[in-house]
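Notes for the one structure printed next.
The values are calculated or read from the model by the stated rules, or taken from the named source; none is laboratory data. Just so it is clear, the structure is predicted and the values come from calculations on it, not from any experiment. In this analysis, Cβ positions are derived from the backbone assuming ideal geometry, glycine residues included, and neighbour counts consider all displayed protein chains.
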Amino acid sequence: MTQFFVETSWLLPMYGLIGALLSLPWSTGLIRRTGPRPSAYLNIVMTVVSFVHGLMAFRGIWNQGPQELLFSWFDFADLHLTLALDISVLNLGALELITGLSLLAQVFALGYLEKDWALARFYSLMGVFESAMSGLVLSGSLFVSYSLLEMLTLSTYLLVGFWYAQPLVVTAARDAFLTKRIGDVLLLMGVVSLACLAGSLDFNDLYEWVKVENLSPAMATLLGLALIAGPIGKCAQFPLHLWLDEAMEGPNPASILRNSVVVTCGAYILIRLQPIVVLSPVALGTLVVIGTVTALGGSLVALAQVDLKRTFSYSTSAYLGLVFIAVGTTWPGVALLLLLTHAVAKALLFMAVGSIIMTTNCQNMTELGGLGRKMPATSLAFVTGALGMVGVVPLGCFWGLRMGADFLSRDYPLLTLVFLLVNGLTALNLTRVFRLVFLGTPQPKTRRAPEVPWQMAVPMVTLSIITLLLPLILGKLLVLPPWQYINWPIAGLTLASGWIGVAVGATVPLSKSLARSLNRSLRIAQDLLAYDFYTERLYEKTVVAAVSTLARFSSWFDQYVVDGLVNGVGLASLFGGEGLKYSASGQSQLYLLTIFAGVGLLGIFMTWTLW
Amino acid sequence: MLSALILIPLVAALVLILWPGKLEAQTAKVVSGIGLALSLALIGFLATQFELATPGFQFEELLPWVEPLGLSYRLGLDGLSLPLLAVNSLLSLVAIYISEPTLHRTRLYYVLLLVINSAVAGAFLAANLLLFFIFYELELIPLYLLIAIWGGSRRGYAATKFLIYTALSGVLILGAFLGLVWLSGNTSFDYDSGLAAALPLAQQISLLVALLIGFGIKVPLFPFHTWLPDAHVEASTPVSVLLAGVLLKLGTYGVVRFGLGLLPDAWMALAPWMATWAVISVLYGSLAAIAQTDMKKMVAYSSIGHMGYVLLAAAASTPVSIVATVFQMISHGLISALLFLLVGVVYKATGTRDMTVLRGLLNPERGLPFVGSMMILGVMASAGIPGMVGFISEFLVFRGSFLIFPVQTLLCMVGSGLTAVYFLLLVNRVFFGRLAIAPPTVAPQLDIELPSVTWRDRAPALGLAVLIIAFGLQPNWLARWSENITLALHQPYQGFVQARTQFAPTAVPAVADTLFVDPALTLPTPVLPVFAAPSVEISLP
C-alpha cells in the first residue's frame, strides 16, 4: 500500500495544477451564479489531498532508500530529456513543508481576500504556484527544475500583478519578472552548456559527470557562475534582490508563501546544484560574498523600513544570504536546516502581518500602534514567529543559526560573525517592529481593531503551535545534535547576540511623528538604508538606461539609416527617371544620334579584343 | 494526391469567381472555409500515410512539363514540409475565419487568400527548383494586392516596398537556381541533394550568398527587413497572421532546403558568418522592438528577432539544431499568428494600437480580459516560458548550436531575455493599470466600456493557444515527422560538426550511428521504480 503512494508520487505536483484547472470556470467568469468560493474550496481540497498523499509517501519511504521515477519525455538524436523525480525523505519533507504552508496560506486567504472579486483567479494562481514548487523540490533533473523555476517566475509575476490596476503593482510585477528573468536566462546558459557537455540533465548523471569532467578552469568558472545566477534571482540576493520588497505589493497570502517557501525553492535548486558548482572555487567564493553582502545589507536595510511587509521581506533576503554562505562553504545541512526553520517562522510572521493589514488596512508602521491588547491572537503569533526567527530562545531558527555559527567557526570565524550579526540585527528589528505595532498608544487607524475572523485565526494559531513544537519535530527527525555535542560557547554567543539585539531594540528611541531623524548624518544613513542603498536608482541609471538607449538607437538606426538608405535608393531612381524624361525631346535627330552612339560604343566594346 | 493540396484552394477560388450574383461575405467564407478544411483534412490523411522511416520525398508526383528548360511538375512531401503545410492550411483557415464580414470587394479578397494558400502549398511541395520559384513568385502578387487594397493609410507605400523587396529576392533566388543547375551541367532542375557536389567551392559560395540574401529578404534578416514592419502595420489582421505565420517561413524553408540541403561545402565555409549574422539579427530585432510604441510593429520586430534563431540553428547543422529549425518555424508561426490575432482584436475594439494610449485593458468588466489573458499566454510563449512550444524550440536551438557556436548561442540567449523585456512592457502598458484610452497628456476618460469580445473572436485564439501548449507539453508530436529528414540533411555535415565541436568531444556521440528511435507518441509512461538510485548526498548532521 505504501509502495502505491510512492509510485504515484508523480501525482504530487499535479494536484495543484488540477485545482488550478478546475477553478478555471470561476476565474474566467463562466460560472457566476455560485460566486467564486467553490474554486477556493476545490483548491484547498486538492492541497489537502497533496499533503496527505505526500505524508503517506513520506512514511512509505522513511525506511527505504530513495527512489527515482523516470519518464522519458523527449528523445531526439543525441538529446534525451527525461522527467525525473527523486523521491527521497528529504525531498518529500520539503514537499510537506510546501503543501502544508500552502494549505495554511490558502485557508488564510479565505479570510484575507474575502471581499476580492477575483478570488477564483487568485486560487488558480496559487494552484499553479504550489504545483511548480512541489515539482521543483521533487525534481531529479535540472531540465525539470529549470522549467519549473520559469513557471515559478511566471506565476510570481501574475500573483504580484494580481491587483494589476494599481500603478505600484504594475512596476512591482514587471521588476519581479525581469530581475528573475535575468537570473533565469543566465541559468539557461548554464543548463544548455551542461546539457551539451554532460549529455544528460539528470542530477544523478550530472554528479557522475562531475567526477570525470575535464573542463578548463575558466569554463568551469563561467559554468558555476551561470548556475548560481538563477538561485540568486530566485532568492532575492544582491544584486538581483530588488524584486522581493516590491513584490510585497501583491496580496498577503501569496507573500506568506513567497517569503517562506518560494525563496526556499530557489535555494533548494542551489543545494542540488552545489556538487556541480563545486567545480569552480570562484563560484563558491561568489556565493559566500553575495551571501554575506545580502545578509548584512538586508538586515541593515530592514531596520530602516517603515512598511510592515517590506521590512520582513528584506530580512528574508538576509536569511537566504546566510543559506548562500552555507552552500558556498559546502555545508548543505546548515542550509537546509536554516531554510526549514526560517520558512516556518517567516510564514507565521507574515500571517500576523496579514492580520494587521486586514484589520487596519494599513501597513505603514508609523501609523500603527497599541494593537497588543486588541488583537491577542495576532500578537501571540507575532511573538512566536519572532522568537522562532532568531536565536533568543531555543526555538526553530536558533538551531539553524547555532549550527551555522558552530560549523563555520572552525574554518571561517568571520562568517560566524556574520551569522551572529544577522541574528542580532534581526532581533533588534523584530523588537522595533513589535514596539511600533503592538505597544504604545492606539493611533487613529488602530483604535477599532477587532481580532481577525476564524479563517485567518485558525491557520495562524496552528502555525504558532507548529513553530513552538518545531524543536521537538526536529529532534524526532534526528536533526538536532545530541546534548553532548553542542558547542556551548557558540550556542551561548548566538543567544547573547540575540539578546543584545532585543535589548538594543527595546531601548532605542522610536518616534512615530518623526520617521526621519533630525540629525543630518544619521538621516543620510537612514535614507541610504530606507532606499535600499539606492539600488533601484542605480539600476535605472545603468542597466535600464543602457538597454533603452540601445533600443532607441537601433530604432533610430532602423528608421533613418537602413530604411533611409532603401528610401534613398527609391527616391534616386524616381528622380533619375524624372530627370531622364527631359532627354526625350521628340526630335528624331537626337534619337538617331543616341542610337548611333550606342551602337558605336557597343561595336567598340565587342571588338575590343581585336584591337 | 499532393496536387490536390494545390488544387483544392484553387477550385474553391474558382467557385467564388463563378458564384452567380452578388457574393455575400458569409457565403465566401463558408466556401473558402470548406476548401481549406478539406485540404487540412487531406494533410491529416497524408500524415497518417506518411512513412516516418523514409527520409526522402514521399507521395511523389512527376509530370514532365517544359523539358527543354528542365522544368518538371515534380511534387514531394517530406518531414520538413509536412508540418509547414499543416500550419499553412491552419492559419489560412484562421485568416478566413477572422476576416471582417464588411470588407469591400469580397470576391477578390477571398480569392486572393485562397490563391496564397495554394501557392504556398505548392512552394512547400515543389521538388523542382524552378517549380518552387514559380510558386514562390506566385504568392507575391495576391499578397501585394491584399495589402494595397485592404491595407491601412500608407498601404500603397508598404505594398510597393514589399513588392520590390520580394521581387529582388525572387531575382536572386532565380539567379542562384540557374547558376546552380547550369554550372553543374545538369539539364533538369529537379531537387537532388547531390546537385552541387561537383562545383568548386568559390562557385558554391557565390551561389549560396545569392540564395542567402534572396531568402534573407523573405525571412527577413537584418538589414533586409525594413519591408516587414511596414507591411505588417499596413496589412489587415488576417493578412498579418498569414504573413507572419506562413509567408516568412518560405524564407527559412528555402534556407534550410536549398542552402543547407544543396550547398553543403559552401554552407560549412560560411556557417560561422551566418551564425554571427543570426546574432546580429536577433539582437537588432529585439532591441528595435523595445523602442516601438505600435503594438503591431513590436510584434513585427519580434519576428525579425525570432527568425534569427532559425538561421543560427541551421548554421550549426547538428541533428538537434536542424530539427530545431522546424520547431522554431512552427512555434513562431503559431505564436506570432496568435499575437497578431490578438492585436487585431484590440485594434478592432479600441481603434488604436498605440501603446502610449492604451491602458488597463485587462479590466474584467469593461475591458478585454480574455484578450488580455491570451496575450499574456502568447507573450510568455514567445519569451520561452516552459510548457509552451516556444520554450522547447528555443531550447533545441540553443542545445543544438551551443557546441558549434558557443559565443553566438549565448548572445542569442540574451536576445531571448530581451524578448521578455519588450513583451512585458507591452503587457504592462496596455493591459495592466487602470482602464483608459487616452494619450498620457490628456486627462483620460474613465468610464469607457469596450465592446465585449464574442466567442466568435475568441475561438481562433483559443485554438492556437491549445496548439501552443499541446506542442509545448508533447514535442514528440512535432519531432516525429522531421526526425529522418533531419538526419538525412545532417549527413554531409558530420565531419564539420565533429571538427567544430568545442569543449568536450566526448559529449557528442558520433551521430552517424544514431538509431532511428521511433519517438513515443503516447504520453510518457513511467519507467519505475528504479530502486536505490544514488540519492542526493545531503545528509543532515
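Here's the yes/no breakdown for (1) within 16 Å of the chain's Cα centre (by Cα); (2) more than 22 Å from residue A:100 (Cα to Cα); (3) among the polar types (S, T, N, Q); (4) surrounded by 24 or more Cβ atoms within 10 Å (Cβ to Cβ):
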site	(1), (2), (3), (4)
A:246	yes, yes, no, no
A:264	yes, no, yes, yes
A:269	yes, no, no, yes
A:279	no, yes, no, no
A:282	no, yes, no, no
A:303	no, yes, no, no
A:312	yes, no, no, yes
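Hey, can you tell me all the residues within region A:2-34 that are away from chain B (no Cβ under 13 Å), surrounded by fewer than 23 Cβ atoms within 10 Å (Cβ to Cβ) and in contact (Cβ under 8 Å) with a residue 40 or more places away in the chain?
Of everything in region A:2-34, just one residue is away from chain B (no Cβ under 13 Å), surrounded by fewer than 23 Cβ atoms within 10 Å (Cβ to Cβ) and in contact (Cβ under 8 Å) with a residue 40 or more places away in the chain, namely A:18.
Here is a yes/no grid of residues against (1) within 30 Å of residue A:175 (Cβ to Cβ); (2) at pLDDT below 85:
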| site | (1), (2) |
| --- | --- |
| A:508 | no, no |
| A:532 | yes, yes |
| A:537 | yes, no |
| A:541 | yes, no |
| A:550 | yes, no |
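If a residue must be more than 7 Å from chain A (Cβ to nearest Cβ) and assigned to a loop (DSSP other than H, G, I, E, B), how many such residues does region B:395-407 contain?
2
Return yes when residue A:215 is in a loop (DSSP other than H, G, I, E, B) and facing chain B (nearest Cβ under 10 Å) and no when it is not. It would help to see each step written out before you state the result.
Numbers: in a loop (DSSP other than H, G, I, E, B): yes; facing chain B (nearest Cβ under 10 Å): yes.
Spelling it out, residue A:215 is indeed in a loop (DSSP other than H, G, I, E, B) and facing chain B (nearest Cβ under 10 Å).
So for region A:334-343 (the condition being out of contact with any Phe, Trp or Tyr (no Cβ under 6 Å at 6 or more places or on another chain) and away from chain B (no Cβ under 14 Å)), does at least one residue qualify?
Yes, region A:334-343 contains a residue that is out of contact with any Phe, Trp or Tyr (no Cβ under 6 Å at 6 or more places or on another chain) and away from chain B (no Cβ under 14 Å).
Is one or more of the residues making up region B:370-379 away from chain A (no Cβ under 11 Å), more than 23 Å from residue B:321 (Cβ to Cβ) and free of Cβ contacts under 8 Å to residues at least 12 places away in the same chain?
Among the residues of region B:370-379, not one is away from chain A (no Cβ under 11 Å), more than 23 Å from residue B:321 (Cβ to Cβ) and free of Cβ contacts under 8 Å to residues at least 12 places away in the same chain, which makes the answer no.
Report those helices (runs of 4 or more DSSP H) wholly inside region A:1-74 carrying at least 1 residues which are over 20 Å from residue A:133 (Cα atoms), at pLDDT below 85 and over 28 Å from the mean Cα position of the chain (by Cα).
Details: elements: A:2-7, A:12-22, A:24-27, A:37-62.
Ranges flagged: A:2-7, A:37-62.
What is the residue count in region B:380-394 for residues that are within 7 Å of another protein chain (Cβ to nearest Cβ) and in a helix (DSSP H, G or I)?
Of the residues in that region, 1 qualify.
Conditions (1) touching a Lys or Arg at 6+ places or on another chain (Cβ under 6 Å); (2) among the aromatic types (Phe, Trp, Tyr); (3) outside any helix (DSSP H, G or I), marked per residue:
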site: A:230; (1), (2), (3): no, no, no
site: A:237; (1), (2), (3): no, no, yes
site: A:240; (1), (2), (3): no, no, yes
site: A:245; (1), (2), (3): yes, no, no
site: A:254; (1), (2), (3): no, no, no
site: A:259; (1), (2), (3): yes, no, no
site: A:266; (1), (2), (3): yes, no, no
site: A:276; (1), (2), (3): no, no, no
site: A:282; (1), (2), (3): no, no, no
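Can you find even one residue in region A:106-122 that is within 30 Å of residue A:476 (Cα to Cα) and over 20 Å from the mean Cα position of the chain (by Cα)? Lay out the reasoning, then the answer.
First pass over region A:106-122, keeping only residues within 30 Å of residue A:476 (Cα to Cα): A:106-108.
Narrowing the set further to residues that are over 20 Å from the mean Cα position of the chain (by Cα) leaves A:107-108.
Yes, region A:106-122 contains at least one residue that is within 30 Å of residue A:476 (Cα to Cα) and over 20 Å from the mean Cα position of the chain (by Cα).
Each row is one residue, and each column tells you yes or no for (1) in contact with a His (Cβ under 6 Å, 6 or more places away or on another chain); (2) over 16 Å from residue A:243 (Cβ atoms); (3) part of a helix (DSSP H, G or I).
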{"position": "A:290", "(1), (2), (3)": "no, no, yes"}
{"position": "A:296", "(1), (2), (3)": "no, yes, yes"}
{"position": "A:300", "(1), (2), (3)": "no, yes, yes"}
{"position": "A:309", "(1), (2), (3)": "no, no, yes"}
{"position": "A:314", "(1), (2), (3)": "no, no, yes"}
{"position": "A:317", "(1), (2), (3)": "yes, no, yes"}
{"position": "A:321", "(1), (2), (3)": "no, no, yes"}
{"position": "A:327", "(1), (2), (3)": "no, yes, yes"}
{"position": "A:330", "(1), (2), (3)": "no, yes, no"}
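Answer with yes or no whether residue B:446 is at pLDDT 75 or above, in a loop (DSSP other than H, G, I, E, B), over 30 Å from the mean Cα position of the chain (by Cα) and more than 11 Å from every other protein chain (Cβ to nearest Cβ). Working first, answer last.
Numbers: at pLDDT 75 or above: no; in a loop (DSSP other than H, G, I, E, B): yes; over 30 Å from the mean Cα position of the chain (by Cα): yes; more than 11 Å from every other protein chain (Cβ to nearest Cβ): yes.
Answer is no for this residue.
How many residues does region B:1-22 contain that are free of Cβ contacts under 8 Å to residues at least 24 places away in the same chain and in contact with a helix residue (DSSP H, G or I) (Cβ under 9 Å, 6 or more places away or on another chain)?
At the first step, the residues of region B:1-22 found to be free of Cβ contacts under 8 Å to residues at least 24 places away in the same chain are B:14-15, B:18, B:20-22.
If we keep only those that are in contact with a helix residue (DSSP H, G or I) (Cβ under 9 Å, 6 or more places away or on another chain) as well, we get B:14-15, B:22.
Residues flagged as free of Cβ contacts under 8 Å to residues at least 24 places away in the same chain and in contact with a helix residue (DSSP H, G or I) (Cβ under 9 Å, 6 or more places away or on another chain) within region B:1-22 amount to 3.
Taking region B:1-32 on its own, how many of its residues are assigned to a loop (DSSP other than H, G, I, E, B) and among the basic types (Lys, Arg)? Give the steps one after another, and end with the answer.
Narrowing region B:1-32 to residues assigned to a loop (DSSP other than H, G, I, E, B): B:1, B:19-24.
Still in the running and among the basic types (Lys, Arg): B:22.
Residues in region B:1-32 being assigned to a loop (DSSP other than H, G, I, E, B) and among the basic types (Lys, Arg): 1 in total.
Of everything in region A:35-76, what is facing another protein chain (nearest Cβ under 9 Å) and farther than 26 Å from residue B:473 by Cα? Give them in sequence order. Lay out the reasoning, then the answer.
Residues of region A:35-76 facing another protein chain (nearest Cβ under 9 Å): A:64-76.
Correct list: A:64, A:65, A:66.
Of the numbered conditions (1) under 23 Å from residue A:125 (Cα atoms); (2) in contact (Cβ under 8 Å) with a residue 40 or more places away in the chain; (3) of a type in the set (Phe, Trp, Tyr), residue A:203 fails exactly one; give the number of that condition.
In the conditions (1) under 23 Å from residue A:125 (Cα atoms); (2) in contact (Cβ under 8 Å) with a residue 40 or more places away in the chain; (3) of a type in the set (Phe, Trp, Tyr), residue A:203 misses (1) alone.
May I ask you to say which residue of B:282, B:310, B:299, B:323 is touching a Cys at 6+ places or on another chain (Cβ under 8 Å) and either crowded, with 24+ Cβ neighbours inside 10 Å or not aliphatic (A, V, I, L, M) (or both)? If you could, list the steps in order and put the result at the bottom.
Working: B:310 fails: touching a Cys at 6+ places or on another chain (Cβ under 8 Å); B:299 fails: touching a Cys at 6+ places or on another chain (Cβ under 8 Å); B:323 fails: touching a Cys at 6+ places or on another chain (Cβ under 8 Å).
Only one candidate qualifies: B:282.
Please work out if residue B:441 is within 12 Å of chain A (Cβ to nearest Cβ), at pLDDT below 85 and out of contact with any helix residue (DSSP H, G or I) (no Cβ under 8 Å at 6 or more places or on another chain). Explain how you work it out, then say what you get.
Details: within 12 Å of chain A (Cβ to nearest Cβ): no; at pLDDT below 85: yes; out of contact with any helix residue (DSSP H, G or I) (no Cβ under 8 Å at 6 or more places or on another chain): yes.
Against the criterion (within 12 Å of chain A (Cβ to nearest Cβ), at pLDDT below 85 and out of contact with any helix residue (DSSP H, G or I) (no Cβ under 8 Å at 6 or more places or on another chain)), residue B:441 does not qualify.
Consider residue A:165 against the criteria (1) in a helix (DSSP H, G or I); (2) within 9 Å of chain B (Cβ to nearest Cβ): it satisfies all of them except one. Which criterion is unmet?
Status for residue A:165: all satisfied but (1).
For every residue, the table says whether it meets (1) surrounded by fewer than 16 Cβ atoms within 10 Å (Cβ to Cβ); (2) of a type in the set (Val, Ile, Thr); (3) touching a residue at least 60 places away in the same chain (Cβ under 8 Å); (4) over 30 Å from residue B:457 (Cα atoms).
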| position | (1), (2), (3), (4) |
| --- | --- |
| B:24 | yes, no, yes, no |
| B:28 | no, no, yes, no |
| B:48 | yes, yes, no, yes |
| B:62 | yes, no, no, yes |
| B:77 | no, no, yes, yes |
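Take the residues in region B:140-158 that are in contact with a Ser or Thr (Cβ under 9 Å, 6 or more places away or on another chain) and closer than 15 Å to residue B:108 by Cα; name whichever of them is surrounded by the most Cβ atoms within 10 Å (Cβ to Cβ).
Of region B:140-158, the ones in contact with a Ser or Thr (Cβ under 9 Å, 6 or more places away or on another chain) are B:140, B:143-144, B:146-148, B:150-152.
Right, trim to closer than 15 Å to residue B:108 by Cα and you get B:143-144, B:146-148, B:150-151.
Numbers: B:143: 25, B:144: 19, B:146: 25, B:147: 27, B:148: 18, B:150: 21, B:151: 21.
Taking the candidates together, the pick is B:147.
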